[in-house]
Amino acid sequence: MPEKDIFSPEDNTKLEEEIDLFCPECNIRITPEVVAKGMPKAFECAATPPEGVDADFFIYEYFVCACKHCGQPFFVRRANFEASGEYGTFKEDEVLYPPERSTQLDGVPPSLKKRYKEAVLSFKVASYESCAMMCRKCIETMCTTLGANGRNLNDKLNNLYEAKKTDSRLLEWAQEIRLVGNFGAHEDDIVTRRDAQDTLDFTEYILTYVFILTSRFDKYRNRRARRKSKQ
(Lines give C-alpha, C1' and ligand atoms only; values in the text may rest on other atoms or scores of the structure.)
Protein backbone atom coordinates (compact mmCIF):
# COMPACT_ATOMS: atom_id res chain seq x y z
CA MET A 1 0.00 0.00 0.00
CA PRO A 2 1.54 3.38 -0.95
CA GLU A 3 2.40 5.65 1.95
CA LYS A 4 -0.07 8.48 2.60
CA ASP A 5 0.27 11.73 4.49
CA ILE A 6 -1.32 11.57 7.93
CA PHE A 7 -3.74 14.32 6.85
CA SER A 8 -5.44 14.24 3.49
CA PRO A 9 -7.60 17.09 2.13
CA GLU A 10 -9.71 14.86 -0.09
CA ASP A 11 -13.51 14.81 0.18
CA ASN A 12 -13.60 17.86 2.45
CA THR A 13 -16.84 19.08 0.89
CA LYS A 14 -18.63 15.91 1.89
CA LEU A 15 -17.13 15.90 5.38
CA GLU A 16 -18.28 19.47 6.07
CA GLU A 17 -21.87 18.21 6.11
CA GLU A 18 -21.05 15.53 8.69
CA ILE A 19 -19.37 17.53 11.49
CA ASP A 20 -21.52 19.54 13.88
CA LEU A 21 -19.74 21.69 16.50
CA PHE A 22 -20.34 24.43 19.02
CA CYS A 23 -18.13 27.46 18.37
CA PRO A 24 -17.21 29.14 21.70
CA GLU A 25 -16.29 32.39 19.94
CA CYS A 26 -19.51 32.73 17.91
CA ASN A 27 -21.52 31.02 20.68
CA ILE A 28 -23.58 29.05 18.13
CA ARG A 29 -23.69 25.58 16.57
CA ILE A 30 -21.74 25.47 13.32
CA THR A 31 -20.74 23.23 10.43
CA PRO A 32 -17.01 24.00 10.19
CA GLU A 33 -14.75 23.96 7.16
CA VAL A 34 -12.59 20.83 7.20
CA VAL A 35 -9.02 21.90 6.49
CA ALA A 36 -7.37 18.47 6.78
CA LYS A 37 -8.17 14.92 7.83
CA GLY A 38 -6.27 11.73 8.52
CA MET A 39 -5.67 8.78 10.79
CA PRO A 40 -2.62 7.12 12.37
CA LYS A 41 -1.00 4.80 9.82
CA ALA A 42 -1.45 1.86 12.19
CA PHE A 43 -5.22 2.15 11.64
CA GLU A 44 -5.20 2.27 7.84
CA CYS A 45 -5.48 -1.49 7.38
CA ALA A 46 -8.04 -1.83 10.15
CA ALA A 47 -10.16 0.79 8.43
CA THR A 48 -10.45 -1.38 5.33
CA PRO A 49 -10.55 -5.02 6.48
CA PRO A 50 -10.14 -7.73 3.82
CA GLU A 51 -13.23 -8.45 1.77
CA GLY A 52 -15.35 -11.21 3.23
CA VAL A 53 -13.96 -10.87 6.74
CA ASP A 54 -16.78 -10.61 9.27
CA ALA A 55 -15.20 -8.89 12.26
CA ASP A 56 -15.63 -5.89 14.52
CA PHE A 57 -13.20 -3.01 14.20
CA PHE A 58 -12.61 0.32 15.90
CA ILE A 59 -10.60 3.24 14.53
CA TYR A 60 -9.99 6.94 15.11
CA GLU A 61 -10.01 9.63 12.44
CA TYR A 62 -8.75 13.15 13.06
CA PHE A 63 -9.98 16.43 11.53
CA VAL A 64 -8.50 19.91 11.54
CA CYS A 65 -11.40 22.35 11.13
CA ALA A 66 -12.12 26.08 11.22
CA CYS A 67 -15.27 28.05 11.92
CA LYS A 68 -16.52 29.69 8.71
CA HIS A 69 -17.60 32.79 10.63
CA CYS A 70 -14.72 33.66 12.96
CA GLY A 71 -11.90 31.30 11.97
CA GLN A 72 -11.77 29.56 15.39
CA PRO A 73 -9.67 26.39 14.89
CA PHE A 74 -10.80 22.94 16.03
CA PHE A 75 -9.11 19.57 16.33
CA VAL A 76 -11.69 16.78 16.25
CA ARG A 77 -11.29 13.06 16.90
CA ARG A 78 -13.93 10.81 15.38
CA ALA A 79 -14.39 7.32 16.82
CA ASN A 80 -15.64 4.80 14.27
CA PHE A 81 -16.92 1.44 15.43
CA GLU A 82 -18.28 -1.13 13.02
CA ALA A 83 -19.91 -4.21 14.48
CA SER A 84 -20.02 -7.42 12.53
CA GLY A 85 -23.32 -8.63 11.15
CA GLU A 86 -26.30 -6.31 10.97
CA TYR A 87 -25.44 -3.60 13.51
CA GLY A 88 -23.73 -1.21 11.12
CA THR A 89 -21.29 1.63 11.82
CA PHE A 90 -21.39 4.00 14.78
CA LYS A 91 -19.58 7.36 14.83
CA GLU A 92 -18.89 9.76 17.67
CA ASP A 93 -17.05 13.10 17.44
CA GLU A 94 -15.00 14.55 20.29
CA VAL A 95 -13.54 18.07 20.18
CA LEU A 96 -9.96 17.86 21.49
CA TYR A 97 -9.27 21.56 20.89
CA PRO A 98 -10.39 24.00 22.12
CA PRO A 99 -11.06 22.22 25.44
CA GLU A 100 -14.62 22.55 26.67
CA ARG A 101 -15.17 24.43 29.92
CA SER A 102 -15.22 21.95 32.77
CA THR A 103 -18.26 21.97 35.02
CA GLN A 104 -17.22 19.08 37.24
CA LEU A 105 -15.70 21.07 40.15
CA ASP A 106 -15.19 17.95 42.26
CA GLY A 107 -15.23 18.92 45.92
CA VAL A 108 -17.67 21.81 45.46
CA PRO A 109 -21.09 21.36 47.19
CA PRO A 110 -23.85 20.16 44.80
CA SER A 111 -25.96 23.30 45.25
CA LEU A 112 -23.05 25.44 44.06
CA LYS A 113 -22.21 23.18 41.13
CA LYS A 114 -25.84 23.38 40.03
CA ARG A 115 -25.75 27.20 40.01
CA TYR A 116 -22.44 27.24 38.14
CA LYS A 117 -23.65 24.79 35.49
CA GLU A 118 -26.75 26.93 34.97
CA ALA A 119 -24.46 29.94 34.41
CA VAL A 120 -22.44 27.96 31.85
CA LEU A 121 -25.60 26.91 30.01
CA SER A 122 -26.81 30.53 29.93
CA PHE A 123 -23.50 31.58 28.40
CA LYS A 124 -23.73 28.87 25.73
CA VAL A 125 -27.08 30.18 24.53
CA ALA A 126 -25.78 33.78 24.52
CA SER A 127 -27.94 34.82 27.48
CA TYR A 128 -25.18 36.92 29.03
CA GLU A 129 -27.37 38.78 31.53
CA SER A 130 -28.72 35.47 32.83
CA CYS A 131 -25.16 34.14 33.03
CA ALA A 132 -24.07 37.08 35.16
CA MET A 133 -27.08 36.77 37.44
CA MET A 134 -26.47 33.03 37.91
CA CYS A 135 -22.84 33.72 38.79
CA ARG A 136 -24.04 36.22 41.40
CA LYS A 137 -26.48 33.58 42.70
CA CYS A 138 -23.57 31.15 42.88
CA ILE A 139 -21.57 33.56 45.06
CA GLU A 140 -24.64 34.13 47.24
CA THR A 141 -25.09 30.37 47.68
CA MET A 142 -21.41 30.10 48.61
CA CYS A 143 -21.95 32.63 51.39
CA THR A 144 -24.93 30.66 52.72
CA THR A 145 -22.96 27.40 52.58
CA LEU A 146 -20.09 28.93 54.55
CA GLY A 147 -22.45 30.39 57.16
CA ALA A 148 -21.83 34.07 56.37
CA ASN A 149 -23.82 36.68 58.31
CA GLY A 150 -25.18 39.93 56.92
CA ARG A 151 -28.25 41.78 55.68
CA ASN A 152 -27.23 41.56 52.02
CA LEU A 153 -24.64 39.95 49.78
CA ASN A 154 -22.17 42.79 50.27
CA ASP A 155 -22.28 42.34 54.05
CA LYS A 156 -22.00 38.55 53.75
CA LEU A 157 -18.91 38.77 51.54
CA ASN A 158 -17.25 41.13 54.00
CA ASN A 159 -18.18 38.76 56.83
CA LEU A 160 -16.42 35.87 55.02
CA TYR A 161 -13.33 38.01 54.67
CA GLU A 162 -13.38 38.99 58.35
CA ALA A 163 -13.74 35.30 59.27
CA LYS A 164 -10.64 34.58 57.07
CA LYS A 165 -12.59 32.25 54.79
CA THR A 166 -11.53 34.40 51.83
CA ASP A 167 -8.66 36.82 51.24
CA SER A 168 -8.65 40.40 49.97
CA ARG A 169 -8.24 39.43 46.30
CA LEU A 170 -11.11 36.91 46.39
CA LEU A 171 -13.26 39.49 48.15
CA GLU A 172 -12.55 41.96 45.34
CA TRP A 173 -13.44 39.37 42.67
CA ALA A 174 -16.63 38.32 44.44
CA GLN A 175 -17.72 41.94 44.88
CA GLU A 176 -17.25 42.54 41.16
CA ILE A 177 -19.33 39.45 40.34
CA ARG A 178 -22.02 40.81 42.67
CA LEU A 179 -22.04 44.13 40.81
CA VAL A 180 -22.13 42.54 37.32
CA GLY A 181 -24.98 40.30 38.48
CA ASN A 182 -26.84 43.39 39.61
CA PHE A 183 -26.30 44.98 36.18
CA GLY A 184 -27.84 41.93 34.52
CA ALA A 185 -31.04 42.43 36.49
CA HIS A 186 -31.64 45.92 35.05
CA GLU A 187 -32.76 46.61 31.48
CA ASP A 188 -30.64 49.76 31.14
CA ASP A 189 -27.37 47.93 31.88
CA ILE A 190 -25.64 45.76 29.28
CA VAL A 191 -23.65 42.62 30.08
CA THR A 192 -21.42 41.84 27.09
CA ARG A 193 -20.13 38.46 26.04
CA ARG A 194 -16.69 39.36 27.40
CA ASP A 195 -18.24 40.46 30.70
CA ALA A 196 -20.07 37.13 31.00
CA GLN A 197 -16.93 35.15 30.10
CA ASP A 198 -14.84 36.92 32.74
CA THR A 199 -17.60 36.57 35.32
CA LEU A 200 -17.73 32.82 34.69
CA ASP A 201 -13.96 32.50 34.94
CA PHE A 202 -13.68 34.38 38.24
CA THR A 203 -16.63 32.48 39.71
CA GLU A 204 -14.85 29.22 38.89
CA TYR A 205 -11.58 30.51 40.39
CA ILE A 206 -13.32 31.50 43.63
CA LEU A 207 -15.07 28.12 43.98
CA THR A 208 -11.85 26.27 43.20
CA TYR A 209 -9.90 28.23 45.81
CA VAL A 210 -12.50 28.15 48.58
CA PHE A 211 -13.66 24.55 48.28
CA ILE A 212 -11.03 22.57 46.37
CA LEU A 213 -7.59 24.10 46.98
CA THR A 214 -8.31 24.96 50.62
CA SER A 215 -9.41 21.38 51.35
CA ARG A 216 -6.46 19.98 49.44
CA PHE A 217 -4.00 22.19 51.35
CA ASP A 218 -5.52 21.18 54.70
CA LYS A 219 -5.10 17.49 53.79
CA TYR A 220 -1.53 18.12 52.68
CA ARG A 221 -0.67 19.94 55.93
CA ASN A 222 -2.33 17.28 58.10
CA ARG A 223 -0.55 14.49 56.23
CA ARG A 224 2.85 16.11 56.82
CA ALA A 225 2.02 16.77 60.47
CA ARG A 226 1.11 13.12 61.04
CA ARG A 227 4.31 11.97 59.37
CA LYS A 228 6.42 14.27 61.52
CA SER A 229 4.70 13.09 64.71
CA LYS A 230 5.69 9.48 63.92
CA GLN A 231 9.35 10.32 63.45
query = Taking all protein chains as present, what is the carbon and sulfur share of the accessible area of region 129-203, in % to the nearest whole number, probe 1.4 Å?
reply = 45 percent
note = The summed charge of the Arg194 Cβ neighbourhood (under 12 Å; Lys/Arg +1, Asp/Glu -1) stands at -3
note = Per DSSP, the loop-located trypsin sites (Lys or Arg not before Pro) within region 139-195 having at most 14 other beta carbons within 10 Å are Arg151, Lys164
ask   = Rounded to the nearest whole Å², what accessible area per residue is found for region 110-231 with the 1.4 Å probe?
value = 62 Å²
request  = Along Cα→Cβ, 7 Å out, is where each label goes; now give me the distance between the ones at Gln231 and Lys219 in nm to one decimal.
outcome  = 2.3 nm
request  = Place the peptides 73-79, 25-31, 135-141 in order of packing, highest mean first, counting for every residue the other Cβ atoms within 10 Å and averaging per peptide.
outcome  = 135-141, 73-79, 25-31
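The values are calculated or read from the model by the stated rules, or taken from the named source; none is laboratory data. Since the structure is predicted, the reported quantities are computational estimates derived from the model, not experimental observations. So basically every Cβ, Gly included, is an ideal-geometry build from the backbone, and we count neighbours across all protein chains shown. Accessible surface is based on the protein model in full, side chains and every heavy atom, while ligands, DNA and RNA are left aside. Shrake-Rupley method; radii C 1.70, N 1.55, O 1.52, S 1.80 Å.
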